[in-house]
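The values are calculated or read from the model by the stated rules, or taken from the named source; none is laboratory data. Everything quoted here is computed from the prediction, not taken from an experiment. Because the Cβ atoms are built from the backbone with ideal geometry, glycine has one as well, and the counts that use them run over all protein chains shown.
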Amino acid sequence: MRTQVAIVGGGPAGLLLSHLLHRQGIASVVLESRDRAYVEQRQRAGMLEQGTTDVLRESGVGERLDREGLVHHGLELRFGGAGHRIALTELTGRTVTVYAQTEIVKDLVARRLADGGDVRFEAQVVEIDPATPTVTFRQNGRLHTLECDYIAGCDGFHGVSRPAVPELRTFSREYPFAWLGILADVPPSTDELIYASHDRGFALHSLRSPKVSRLYLQVDPQAEIAAWPDERIWSELATRFATDDGWELREGPITDRSITPMRSFVAEPMRHDRLFLAGDAAHIVPPTGAKGLNLAVSDVTLLARAFTERYAEGSEALLDGYSASCLRRVWRAEHFSYWMTTLLHTDPHGDDFARRLQRSHLDYVVSSTAAATSLAENYAGLPLTP
């Protein structure tokens, strides 16, 4: 079988790339190792930069996003028993939107299938040849070879695409803490996200819908989920979010919980021969800055533009510049995510001096318009440039 672009991975990056290519008349096949139900239920990020929502709307898959997404004009930094609002829209003219990755995936799968797209679930890629280029995959017990013009590796950190790039240079950092994340059937206790810095550790109050809350606790990376029963989770959240004005955290049934280690990772270059890496296959950010999904969207948006130029005009200029263009944005997001992480988390190996420096930095961010604007423009998302 043959197509123009073989896309390895059926998460939001791969599905969006396929959708964007279809709109330009470019054929693709999406190969996803998991089944459709798993892909559509996989809990991931939920904070979208304005640039991400613009891409989804402009490509015709923003109807449910506009109906159900929660638009935010600010966020709160909470420390020392008090909250401090960062006015994102006032400072930057941009907004962010809470809309879960699971819902984006559902929207994209439905649209690709309605458009007659070739999305193959339970198709396990076993080999990628960037030179030929071909992709070998196993489906229904049989091996198949997909010939193509180009390959897009959108199969995540543990996928097979990145190992297919020789002489890859990688950069990484492991953090001495993890996030315990929960979903709870309880209305959010806040209208905007709360990022809380506390001596006992970081906490985040996010949202999923008017009836569902998403919350996180900084925990030891070796922590066992069994050691965190409901009562302990809610007690620790209440302690870290506590304010001097008596703010109260609503509690409810916890429907999902997991522990996620924190890491930063970048692979360079993001292209080898006819293979292009995108999303988590090329980079990972700690979730504090809410950049992971947004970086994936910016990657595939640039890649779709490059493929469009190639097929419409015969030029490979944007394809040749793809890796450098993406990496400029990736490293900016990596730094912002690192900055937010170190600003807000309690370092288990830090001393009192380090903690006082951290508090001084927090005081500066919430009292300086320049510092707050820097946070706001990075959080809401920098413009997408080729």
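Structure values in brief
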| quantity | calculated |
| --- | --- |
| Close pairs (9 angstrom Cβ cut-off, 6 or more residues apart or separate chains): among the basic types (Lys, Arg) in region 359-386, assigned to a loop (DSSP other than H, G, I, E, B) anywhere | ARG359/GLY80; ARG359/SER197 |
| Test: residue in region 235-248 that is within 24 Å of MET47 (Cβ to Cβ), modelled with pLDDT under 95, among the hydrophobic types (A, V, I, L, M, F, W, C) and part of a loop (DSSP other than H, G, I, E, B) | yes |
| Single match in ALA290, ALA226 (criterion: small (Gly, Ala, Ser) and in contact (Cβ under 8 Å) with a residue 60 or more places away in the chain) | ALA290 |
| Conditions (1) closer than 17 Å to ALA380 by Cα; (2) among the hydroxyl-bearing types (Ser, Thr, Tyr); (3) surrounded by fewer than 22 Cβ atoms within 10 Å (Cβ to Cβ); number of the one not met by THR53 | (3) |
| Residues that are surrounded by 14 or more Cβ atoms within 10 Å (Cβ to Cβ), free of Cβ contacts under 8 Å to residues at least 24 places away in the same chain and more than 24 Å from the chain's Cα centre (by Cα), drawn from region 334-358 | GLY350 |
| Strands (runs of 3 or more DSSP E) fully within region 2-61 counting 2 or more residues that are of a type outside the set (Lys, Arg), within 27 Å of ASP129 (Cα to Cα) and modelled with pLDDT of 95 or more | 5-8, 28-31 |
| Residues that are part of a helix (DSSP H, G or I), under 14 Å from GLY289 (Cα atoms) and not small (Gly, Ala, Ser), drawn from region 336-386 | PHE336, TYR338, TRP339, MET340, THR341, THR342, LEU343, LEU344, LEU375, GLU377, ASN378, TYR379 |
| Count - residues of region 209-227 that are under 27 Å from TYR99 (Cβ atoms) and either among the aromatic types (Phe, Trp, Tyr) or not in a helix (DSSP H, G or I) (or both) | 11 |
| Lone qualifier among THR97, THR132, THR136, THR89 - being assigned to a strand (DSSP E or B), β-branched (Val, Ile, Thr) and in contact (Cβ under 8 Å) with a residue 12 or more places away in the chain | THR97 |
| Among residues of region 236-249, those that are surrounded by 12 or more Cβ atoms within 10 Å (Cβ to Cβ) and over 27 Å from the mean Cα position of the chain (by Cα), counted | 4 |
| Complete set of residues in region 100-128 that are more than 30 Å from SER213 (Cα to Cα) and either free of Cβ contacts under 8 Å to residues at least 24 places away in the same chain or not assigned by TED's automatic domain parsing to the domain that holds GLY9 (or both) | LEU113, ALA114, GLY116 |
